[in-house]
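The structure appears below as structure tokens.
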Amino acid sequence: MDHQDQPDFPLPMLSLRFMACDAPYADAAAVLFGAPYDGTASFRPGSRFGPAAMRQESLGLETYSPYQDRELPEQKIRDIGDLELPMGGPGPALERIGQAVRRILSDGKKPIMLGGEHLVSLPAITACHERWPDLCVLHFDAHADLREEYLGERLSHATVMRRIWDRVGDGRIWQFGIRSGTTDEFAFARAGRVAMHPFDCDGVAAAVEQIGCRPVYLTVDLDVLDPSEFPGTGTPEPGGVTFLMLLKALLQLQGLNIIGADLVELAPHYDASGVSTAVALKLLRELMIML
Ligand SMILES: [Mn+2]
């Protein structure tokens, strides 16, 4: 990939960065980083290994996108690696993720975060909302994540969108692909607190129109995909969208003012074939080209 960091060594060396994400930090328009935290996973942990698997497997992916007829832009994105996050309760880890995103934003760059479990989106979106009070949030997921609390915990992967709603308020969150949640969560959506589009990605075009030129944070829980295409995740949920449906939905967001994004919940060890990691990688490539 690149050998810029080994100027004294005469042969090209592979780095552990995601392919083509080797812009000098000062020149980068976007900053890719991993938030390998899965401390509140209620079913199957392991998403902490997602970012490293994606970097490793990116060696097998082309930088060219035939969908967008564009290359992953050279010298525009910097992969700064994974944050070192403390184990255990979420407080200190979330604090550190928030610090990282604030720093990236104050440097005038877009954060692109790889989870980790979905709770890592909370400090990232909070930091973006501090900067853009009119922030809108687009959320692709199998799960509503709108619980007020889960097993007595207010900070959990199962409550993350509710905590984000606490900050951004009514009418600022659009959800797609949702097919799992409690009666209360679906009632919360029906009351108009969030715009929930269940089961598929229909409604993306309408959301784009409603959002207009307002700033957008995009959070993609990869379990929105059907487990037949993406089994490598902590809480697989049958009845999901296909890779192509999700890709087409994401490409419809092209005109939006997306100020930050994340891809979360790849738990690579649950899919020994490696296909789930390949799916996540390809979506990340398309996302980075689009941004
Ligand atoms: Mn989910």
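The values are calculated or read from the model by the stated rules, or taken from the named source; none is laboratory data. Source: prediction; values computed, not measured. All Cβ positions, glycine included, derive from the backbone under ideal geometry; neighbour counts span all protein chains shown.
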Filter result for Leu283 (within 16 Å of the ligand (Cβ to nearest atom), at pLDDT 95 or above and either aromatic (Phe, Trp, Tyr) or not in a loop (DSSP other than H, G, I, E, B) (or both)): yes
Residues located in segment 76-130, provided they are touching a strand residue (DSSP E or B) at 6+ places or on another chain (Cβ under 8 Å), acidic (Asp, Glu) and within 21 Å of Trp165 (Cα to Cα): Glu117
Residue that is farthest from Leu59 (Cα to Cα) [pool: residues in segment 237-291 that are of a type outside the set (A, V, I, L, M, F, W, C) and crowded, with 21+ Cβ neighbours inside 10 Å]: Gly240
Count - residues of segment 107-136 that are within 11 Å of the ligand (Cβ to nearest atom) and part of a loop (DSSP other than H, G, I, E, B): 1
Residue match in segment 219-229 (condition: out of contact with any Ser or Thr (no Cβ under 7 Å at 6 or more places or on another chain) and either of a type in the set (Lys, Arg) or surrounded by fewer than 21 Cβ atoms within 10 Å (Cβ to Cβ) (or both)): yes
For Ile259: the one exception among (1) away from the ligand (no atom under 16 Å from the Cβ); (2) hydrophobic (A, V, I, L, M, F, W, C); (3) assigned to a loop (DSSP other than H, G, I, E, B): (3)
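Yes/no matrix, rows are residues, columns are (1) outside any loop (DSSP other than H, G, I, E, B); (2) among the hydrophobic types (A, V, I, L, M, F, W, C):
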residue: Cys201; (1), (2): no, yes
residue: Ala207; (1), (2): yes, yes
residue: Ser228; (1), (2): no, no
residue: Thr233; (1), (2): no, no
In segment 183-197, the residues that are closer than 22 Å to Thr40 by Cα and within 16 Å of the ligand (Cβ to nearest atom): Glu185
Matching option when the condition is in contact (Cβ under 8 Å) with a residue 12 or more places away in the chain, at positive phi and crowded, with 21+ Cβ neighbours inside 10 Å, among Ala35, Ala28, Ala20: Ala20
Candidate set: segment 147-182, residues that are within 13 Å of the ligand (Cβ to nearest atom) and assigned to a strand (DSSP E or B); chosen: the one farthest from Lys248 (Cα to Cα): Tyr150
Boolean, Gly181 is under 18 Å from Leu119 (Cα atoms) and among the small types (Gly, Ala, Ser): yes
Test: Thr219 is at negative phi, within 16 Å of the ligand (Cβ to nearest atom) and in a strand (DSSP E or B): yes
Filter result for Asp2 (on the phi < 0 side of the Ramachandran plot, modelled with pLDDT of 85 or more and surrounded by fewer than 21 Cβ atoms within 10 Å (Cβ to Cβ)): no
Any hit, segment 198-213, residues being within 15 Å of the ligand (Cβ to nearest atom), in contact (Cβ under 8 Å) with a residue 24 or more places away in the chain and in contact with a Ser or Thr (Cβ under 9 Å, 6 or more places away or on another chain): no
Top-ranked residue in segment 137-146 [being assigned to a loop (DSSP other than H, G, I, E, B) and either out of contact with any Lys or Arg (no Cβ under 6 Å at 6 or more places or on another chain) or at pLDDT below 95 (or both); ranked as nearest to the ligand (Cβ to nearest atom)]: Asp141
Residue match in segment 72-79 (condition: loosely packed, with under 11 Cβ neighbours inside 10 Å and modelled with pLDDT under 95): no
